[in-house]
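Student: Sharing a structure below in structure tokens format, with a few things to ask.
The values are calculated or read from the model by the stated rules, or taken from the named source; none is laboratory data. Just so we're clear, the structure is a prediction, and the values are computed from it rather than from any experiment. Ideal geometry is used to build each Cβ from the backbone, glycine not excepted, and the neighbour counts take in all protein chains shown. All accessible areas refer to the heavy atoms of the entire protein, side chains included, with ligands and DNA or RNA removed. Shrake-Rupley method; radii C 1.70, N 1.55, O 1.52, S 1.80 Å.
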Amino acid sequence: MRCAVGCGHVQQAPERGYGLETVRGDAAHPVNQGLACQRGVSETADPGGEWLTRPLERKDGELVPTTWESALQRAAGGLGSALESGGDSVAVLGSGQQTNEAAYALGKLARGGFGTRYYDANTTLCMASAVTAYYDAFGSDAPPPTYDDIPEAESHVVWGANPAAAHPVMFRWIRQSADEDDSELIVVDPVHSETAEVADHHVPLEPGGDLALARAVLARVVETDRVDEAFVAEATVGFEELRAELPDAAEAAEMAGVSMDDVDRLADALEDRTLCYWGMGINQSVNGTAAAGALIDLCLATGNLRPGSGPFSLTGQANSMGTRVCSSKGSWPGHRPFTDPDHRREVAETWDVPVSRFPDDPGPGPVGIVDAIGDDVDAVYAVATNPVAGMPDATRVREKLEDSFLVVQDAFRSETVEYADVVLPAATWGESEGTTTNMERTISRVRAATDTPGGVRTDLTLIGQLADRLVPDLFDDRPEPESVFDEFAALTAGTPADCSGISYDRLEAERAVRWPAPEPDVSAGYRYYESDESDAADDSWSFPTQSGRARFSTGEARPLPEPTDESYPFTLTTARRPDAYNTGVRTREDEPPTARVSPATAAAFAEELEAPADDLEDGDDEQFARVVSRRASVTVSVETDEAIPDGVVWLPIHHPDVNDLTLPDVDPRSNEPNFKQCAVRLESLRERDVRSVAEASA
């Protein structure tokens with residue numbers, strides 16, 4: 001499994017030696033039924049990057065090979081020394097790249113062992129706004145629809161996402177459904193993406209205009225009497241308050257930079273069974289929670305909360321959903337509310353730790369954790385994550401980590417490894433046992449297809465070995481995948497994310513099970529909805545909210561944190577490439593990132609682009625420049641692309657230099673950073689050199 005679609009792969013090791021000889025889609029897996037994307041296959045079978053095969057520790061400023069005993073002793077010594085000042089002195093950064101079992105064990109160590117509030121995972125960088133919006137609307141996390149609903153939908157609205165690049169297998173299902181008679185695909189995105197290229201209609205809104213456009217569409221639905229009044233009255237609360245606050249549709253459309261024809265096209269689509277998908281283009285904003293909530297509002301107002309319809313957030317990392325359910329970062333296992341005293345007591349009893357050790361709140365998010373380094377936080381334990389490349393304002397992240405005691409646990413030599421005091425080489429997919437959870441709530445088994453080298457251990461083993469040194473008896477025995485899963489599953493009994501009916505034996509027999517699964521013979525489908533099959537009109541809904549009804553949102557737009565001006569006239573946005581993976585450690589080519597700009601933007605900058613850098617190997621037509629923000633400047637290769645709107649600079653998320661440019665402002669509700677918009681300018685390399693000399697001599 002390489003992304004959150006959750007495709008099952010068949011992996012076979014060679015007869016001799018280490019590694020994988022064959023990787024293909026698993027025809028027997030119920031999620032993908034044999035389909036697989038080329039990125040997932042090639043990155044699994046032949047990943048790039050430098051594998052970590054021996055423990056490392058820093059001596060005289062250099063990372064040098066060491067023994068396991070020395071590395072673990074040094075790691076435990078540094079973390080333990082910080083813990084003497086209190087649990088909050090250690091920060092823990094987890095990942096959507098771990099198995100459910102490793103994520104659960106890491107959360108148990110961070111919350112129940114250390115007692116730190118400074119614990120989070122890189123999933124907050126991409127999904128926290130969607131999570132918060134789901135809780136606001138439904139009282140529970142995760143999308144109501146499943147993949148089974150895709151063929152039943154008549155309208156597919158993809159908003160701020162590019163599944164053709166990020167989720168190719170899932171996009172195949174979307175496109176097949178949209179190609180049916182009387183079905184359509186509409187894409188809402190500033191960029192004419194790969195998904196927009198094959199859509200029936202593309203709505204090119206202004207960057208950051210998502211909330212305004214969603215409100216314009218809802219206002220138009222209201223104006224034209226297309227609200228599902230029966231559903232709203234029966235199953236929701238808060239609509240009249242929202243109706244009273246809706247803007248004029250035309251004025252909101254103008255704010256979003258779209259025509260009323262586009263607004264009407266979206267309003268028309270919502271009259272049919274509509275799946276509304278969204279991704280990082282919505283979430284990664286200071287208005288992420290409000291915008292995600294506004295998309296859910298569109299579904300609620302039009303009654304699109306039945307099978308074949310509904311709000312469907314698209315998750316990126318392979319086990320982002322599992323991290324949300326298992327890891328105790330924003331809620332306790334099973335989505336137990338973090339501050340609820342009864343739930344806290346039950347978790348503490350299961351873990352056999354004092355409830356007083358738990359922090360009072362789930363913490364400030366990854367950006368807030370970085371802020372705390374050097375003040376509250378003295379040591380950092382980073383597992384399967386690369387904050388030096390993946391966090392916003394990355395220069396500041398490097399400076400902060402350089403001043404802390406840093407333990408990095410990873411499979412590959414990432415940018416973050418270079419700042420570590422101790423490096424613990426960990427196994428990756430295909431080398432580990434456990435489970436993972438995809439974006440539609442389906443849990444699958446992960447099995448080791450090959451042995452690990454002698455210098456590599458699994459995440460779960462390493463978490464247990466550090467726990468033995470730092471918090472003896474936190475784990476009764478050496479943690480093993482099946483026993484850890486059983487403990488996690490039992491702890492979710494009776495919760496909205498009940499996995500207590502799932503076991504390794506069941507997964508062996510069925511291959512995949514969707515939660516909630518409170519019994520051994522239950523695998524859930526569409527959430528919150530029940531229907532009497534004998535009476536098609538007998539629909540009913542139940543939500544884990546105080547009223548038992550879904551809630552409309554009231555979020556208002558915050559000003560964009562960094563509007564363009566004369567000094568920084570362009571808007572930077574970031575997105576995925578079809579052939580690249582996360583921060584690019586395993587798929588990145590060693591070259592400057594490629595900045596895509598419109599022909600008009602390139603023409604306005606043509607004079608500077610005529611001079612490629614002398615110290616870079618340029619192709620026949622390749623041109624270079626610098627993208628400059630208020631935080632940093634980055635050398636880029638410039639590519640002209642009509643898919644990019646005028647005034648926008650597009651850069652891939654996968655290059656370690658890109659987040660030097662981005663700003664650390666976050667959504668106030670979700671703590672998710674505003675990756676998708678900051679102000680930049682383009683400079684020639686010569687101009688930058690002259691400017692640097694002038695500044696140095698001033």
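Student: Which percent of the accessible heavy-atom area of the range 643-686 goes to carbon and sulfur, probe 1.4 angstrom?
Tutor: 48
Student: A further question on this structure: Could you order Met260, Met255 so the one with the most accessible surface comes first? Probe is 1.4 Å.
Tutor: Descending order: Met255, Met260.
Student: Let me ask you something else. Calculate what fraction, in whole %, of the accessible area of the range 268-424 sits on carbon and sulfur atoms when a 1.4 Å probe is rolled over the protein chains.
Tutor: The C+S portion of the solvent-accessible surface of the range 268-424 is 41 percent.
Student: Just subtract the alpha-carbon distance of Thr339 and Ser70 from 0.36 nm times their residue separation and send over the number in nm, one decimal.
Tutor: 93.0 nm
Student: For the range 464-584, which whole-number percentage of the solvent-accessible area (1.4 Å probe, protein heavy atoms only) is attributable to carbon and sulfur atoms?
Tutor: Reported share for carbon and sulfur atoms: 43 percent.
Student: Could you compute the FRET efficiency for Thr224 and Glu50, with r as their C-beta to C-beta distance and R0 at 41 Å, rounded to 0.05?
Tutor: The calculated FRET efficiency here is 0.10.
Student: With all protein chains present and a 1.4 Å probe, how do Thr587, Thr437 order by accessible area, largest first?
Tutor: Thr587, Thr437
Student: Right, something else. Mind grabbing the accessible area of Glu530 for me, 1.4 Å probe, Å², rounded to tens?
Tutor: Here the residue's solvent-accessible area equals roughly 120 Å².
Student: How do Arg357, Arg586, Arg336 rank by accessible surface area computed with a 1.4 Å probe, from largest to smallest?
Tutor: Arg357, Arg586, Arg336
Student: Considering only C-alpha atoms, what is the centroid distance from the range 465-534 to the range 302-370, in Å?
Tutor: Cα centres, the range 465-534 to the range 302-370: 15 Å.
Student: What is the dipole size for the range 93-172, taken about its Cα centre, with +1 at each Lys and Arg Cβ and -1 at each Asp and Glu Cβ, in debye to the nearest 20?
Tutor: Computed about the Cα centre, the dipole is about 480 debye.
Student: In Å², and per residue, what accessible area does the chain have when probed at 1.4 Å with the other protein chains present?
Tutor: 38
Student: If you don't mind, there's one more thing I want to ask. From the Cα gyration tensor of the range 67-226, with a ≥ b ≥ c the square roots of its eigenvalues, which class applies: rounded if a/c is under 1.5, or else prolate if a/b is larger than b/c, or else oblate?
Tutor: prolate
Student: Measure off 7 Å from each Cα along the Cα-to-Cβ vector at Arg357 and Glu62, then give the distance between these two points in nanometres to one decimal.
Tutor: With each label point 7 Å from Cα toward Cβ, the separation is 4.0 nm.
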